[in-house]
Structure formats: structure tokens, C-alpha cells
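Contents: one structure, followed by commentary.
The values are calculated or read from the model by the stated rules, or taken from the named source; none is laboratory data. For clarity, every value in this text was computed on a predicted model and none was experimentally measured. Cβ atoms come from the backbone with ideal geometry, glycine included; neighbour counts cover every protein chain shown.
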Amino acid sequence: MKSPQLLLLATVLGLAGFIPTARAAVPILTAAESEFFESKIRPVFVENCYKCHSAGAEKIKGGLLLDTREGVLKGGNTGPVIVPGNPDKSLLITAVRYKDKDLQMPPSDKKLPDNVIADLEQWVRMGAPDPRTEGASAKATYAADIEKAKKHWAYKPVVKPSVPEISRSVISRSVISNQPGGTVTTDSLITDSTQ
Ligand code: HEC
């Protein structure tokens, strides 16, 4: 790979192959981002929101699931609830700020403490980093067909397949008939070819 053109081609092809995979994958977060979510955001969601916005909720409210990264990204009945980097445009932040009379979360005068609201705002400003890769919602909506899976060849017990019997006389006879001159005796050939 000495020529610069080849190198360039390899780079372009490499990138072309890489970009779609990178988009689909879970973003790699820094330790600080994961730590921020785990210590300041996840407990807030669990304690104050899961009752109505998780797969475990009796009835999921507003079509919004906050117990998975996918749920947060997808948003609720009215669409995305987070605009990464922009708390003021994020419905989730509007809701916890209690400024909009029509959407106050958690409801019933249970406004979160100011420092918690500030953490949520900070989280959205950071781009809403969310290290969760799977969760309760994923489990609730995905039911594996175990019976079908069991039929996959890889899960079947190893068996010794039956091999069809081959008639020795057939082989022997064809060998004899191919002998030029036909001086070989039938007996010696049969013995040789079957040992
Ligand atoms: C007691 C149940 C309950 C709890 C707890 C609760 N919510 Fe809600 N939430 C609702 C209901 C009901 C709706 C539907 C809109 C409405 O009727 O106000 C909703 C809707 C929302 C919406 C709007 C979704 C959309 O697309 O319209 C957001 C954002 C939201 N909740 C965020 C939160 C957050 C964040 C928490 C935790 C801090 C939380 N909620 C806690 C009941 C709850």
C-alpha cells in the first residue's frame, strides 16, 4: 500500500463501511458522562418517574418510557421529549420546571427540588448521555420464540448420521471391467478392494 491513491481509496472505503455501523451503535460515553447519568439522573427517573413511565408501570402514561435509552430517545405521544444540548427546547425539562400549567412532572404538586432540576438540565446540555444498553421495556416488548429457537440445527443433539451401504460387488465388478486385457482374477480383486 505505497501509492497515495491506494491509501486514499482504502480510507474512503473504510469510512464508507464504518459510518453506518457507527450510527447504529450505542455511542461510547466517557466515564464522567456515565457516572453523571448513574449518580444523578437514573435515580431521579427511578424514584420519581418509573411509576408512570416504565415497562413496570401499571399503565404507561403519555406513551413515554424513561427506563431505557430507546424510550427516552423516542419520546412520548407528542414526540421526542429531549433535544440533546438544548434544555429549553426539551419537553421533559419543561415538564419538570413546572412552568407550563398543562404539563407538570411528576404531577400533583410533587415538583422536584431545584438542584435535581438543574441536574436534569445539565444532563440535557451534555447531550443526554445514557449508558443504558438494554432495559425492562426491551424485555417487555421482545418475546423470544424459545420453541422455534430449539429447532435450530445448532441446538440439536449430535447424532451419527446413517451412511448408505455400498455394495462391494458393484465396485469390484466395475474395477474388473476396466482392466485392459482382463487378466486379473476376480477373487484377488475383490479381496484387494474390500480390505
Ligand atoms: C403519577 C404518574 C406520573 C409520574 C410519576 C410522572 N408522570 Fe410524566 N406523565 C404522566 C401522564 C398522565 C402524562 C400524560 C400527559 C398528561 O396527562 O399530563 C405524562 C406525560 C409526560 C411527558 C410528556 C410526554 C408526551 O409526549 O406528551 C413528559 C415529558 C413526562 N411525563 C415526564 C415525566 C418525568 C421526567 C417524570 C419524573 C420526574 C414523570 N413524567 C413522572 C404521569 C406521570
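Scanning segment 119-135 for residues that are of a type in the set (D, E, K, R) and either over 15 Å from residue 45 (Cα atoms) or modelled with pLDDT under 95 (or both) yields 125, 130, 132, 134. When the residues of segment 51-64 are narrowed to those that are under 23 Å from the mean Cα position of the chain (by Cα) and within 20 Å of residue 79 (Cα to Cα), which ends up farthest from the ligand (Cβ to nearest atom)? Out of the qualifying residues, it is 55. Note on segment 72-106: residues that are at negative phi and surrounded by 12 or more Cβ atoms within 10 Å (Cβ to Cβ) total 24.
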